Amino acid sequence: MDFTVDLEGRVAVVTGAAGGIGRAVALQLASSGADVAVTDIHQRVEPLCELAAEISQMGRKSIATTADVTDRTDIDHLIGDVLNAFGAVDLLVNVAGVYLTDPIREYSESAWDKTMAVNLKGPFLTCQAFSKVMCEQRQGNIINIASDSAIDVAEGDGPYASSKAALVTLTRHIAREMGEHNIRANVIAPGWVKTDMTSFVWSDPQLLEEAEAGVPLGFLAEPEDIGNVVLFLASGASRYVNGQLIVANGGRV
């Protein structure tokens, strides 16, 4: 981190935290003083618990709770765990997502349903549930992670891009409705980021070269680069930033 953010006394919840951007965000928030509840699907419980332990070793309070963000019952349990552990929630960062690609004419109905469920229904359910807590507190901050696919057109990305474009619109409506309750909502659109989800690109020298050639800055982002944008939006420096899409893709689109 190249700048200082003080989140001492804040409580953050990060979905999709077991790896990639989510893990980096959780660690960066903890490094800035926040206590962090981390959550991911049940199949990723081991790396999730390891992350919570790492945050605890940093001197911050942390809990690991598995949850399927597309399941309202799981979300209710997550909120209960967070409130029991911390008593409040100041920041929700929705990172959980899936990247399923195919030309539209070949995209299966099951792939469409999963893409929309995880990438759109999940953030809707978590934002809806946590915003009720934030309204009672009269303050809160929501940061959703979309993709620059939301503003781009690429072969095979149609359904994925549609889910992320819808998330951008959803975030703007949340910001519009929740502002009077002192709740901000913004959305970040990363480009290529070196995570397991994109390893098929950066692990292949030829594909990596092609990807980097399409980025004016000439390199792919590390998860921490997106985490730095989260830190800005989580900080008081962004207190008048609401309902905005911040594209972090090195100028690719």
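The values are calculated or read from the model by the stated rules, or taken from the named source; none is laboratory data. Keep in mind that this is a model prediction, so the values were computed, not measured. Positions of Cβ are generated from backbone atoms using ideal geometry, with glycine treated the same way; all protein chains shown enter the neighbour counts.
Can you find even one residue in region 126-133 that is within 13 Å of ASN94 (Cα to Cα), touching a helix residue (DSSP H, G or I) at 6+ places or on another chain (Cβ under 9 Å) and either at pLDDT below 95 or surrounded by fewer than 19 Cβ atoms within 10 Å (Cβ to Cβ) (or both)? Yes; the residues of region 126-133 include at least one that is within 13 Å of ASN94 (Cα to Cα), touching a helix residue (DSSP H, G or I) at 6+ places or on another chain (Cβ under 9 Å) and either at pLDDT below 95 or surrounded by fewer than 19 Cβ atoms within 10 Å (Cβ to Cβ) (or both). Report whether or not PHE200 is farther than 22 Å from THR4 by Cα, aromatic (Phe, Trp, Tyr) and not in a helix (DSSP H, G or I). When the stated conditions are applied, PHE200 does not pass them. Looking at region 143-157, can you tell me whether even one residue there is touching a helix residue (DSSP H, G or I) at 6+ places or on another chain (Cβ under 9 Å) and farther than 29 Å from GLU106 by Cα? So far as region 143-157 goes, yes, one or more of its residues are touching a helix residue (DSSP H, G or I) at 6+ places or on another chain (Cβ under 9 Å) and farther than 29 Å from GLU106 by Cα. Filtering region 100-122 to residues that are touching a residue at least 60 places away in the same chain (Cβ under 8 Å) and assigned to a helix (DSSP H, G or I) leaves only GLY122.
Scanning region 146-181 for residues that are in contact with a strand residue (DSSP E or B) (Cβ under 7 Å, 6 or more places away or on another chain) and outside any helix (DSSP H, G or I), which turns out surrounded by the fewest Cβ atoms within 10 Å (Cβ to Cβ)? My answer is SER147. Of all residue pairs spaced 6 or more apart or on separate chains, those with beta-carbon atoms under 9 Å, a first member in region 188-211 that is more than 16 Å from SER147 (Cβ to Cβ) and a second member that is among the aromatic types (Phe, Trp, Tyr) and part of a helix (DSSP H, G or I) are LEU207/PHE200; LEU208/TRP202.
Taken as a whole, region 27-46 holds no residue that is hydrophobic (A, V, I, L, M, F, W, C), under 19 Å from PRO223 (Cβ atoms) and free of Cβ contacts under 8 Å to residues at least 24 places away in the same chain. Only one of GLY22, GLY97, GLY33, GLY9 is under 20 Å from LYS164 (Cα atoms) and assigned to a loop (DSSP other than H, G, I, E, B); which? Going through GLY22, GLY97, GLY33, GLY9 in turn, just one is under 20 Å from LYS164 (Cα atoms) and assigned to a loop (DSSP other than H, G, I, E, B): GLY97.
Got a number for residues in region 203-214 being part of a loop (DSSP other than H, G, I, E, B) and of a type outside the set (Ser, Thr, Tyr)? Break it down stepwise before answering.
The initial filter retains those residues of region 203-214 that are part of a loop (DSSP other than H, G, I, E, B), namely 203-204, 214.
Applying the additional criterion that residues be of a type outside the set (Ser, Thr, Tyr) yields 204, 214.
The total comes to 2.
The single residue among GLY191, GLY158, GLY179 that is under 22 Å from VAL89 (Cβ atoms) and either at pLDDT 95 or above or touching a Cys at 6+ places or on another chain (Cβ under 6 Å) (or both) turns out to be GLY179. Here ILE41 meets each of (1) over 30 Å from ALA237 (Cα atoms); (2) surrounded by 15 or more Cβ atoms within 10 Å (Cβ to Cβ); (3) more than 17 Å from the chain's Cα centre (by Cα) with one exception, condition (3). Only one entry of ASP90, ASP81 meets the criterion of being buried (at least 16 other Cβ atoms within 10 Å of the Cβ), over 23 Å from ASN186 (Cα atoms) and of a type outside the set (Ser, Thr, Tyr), and that entry is ASP81. Residue count for region 215-243 under the criterion of being assigned to a loop (DSSP other than H, G, I, E, B) and either buried (at least 16 other Cβ atoms within 10 Å of the Cβ) or among the aromatic types (Phe, Trp, Tyr) (or both): the result is 7.
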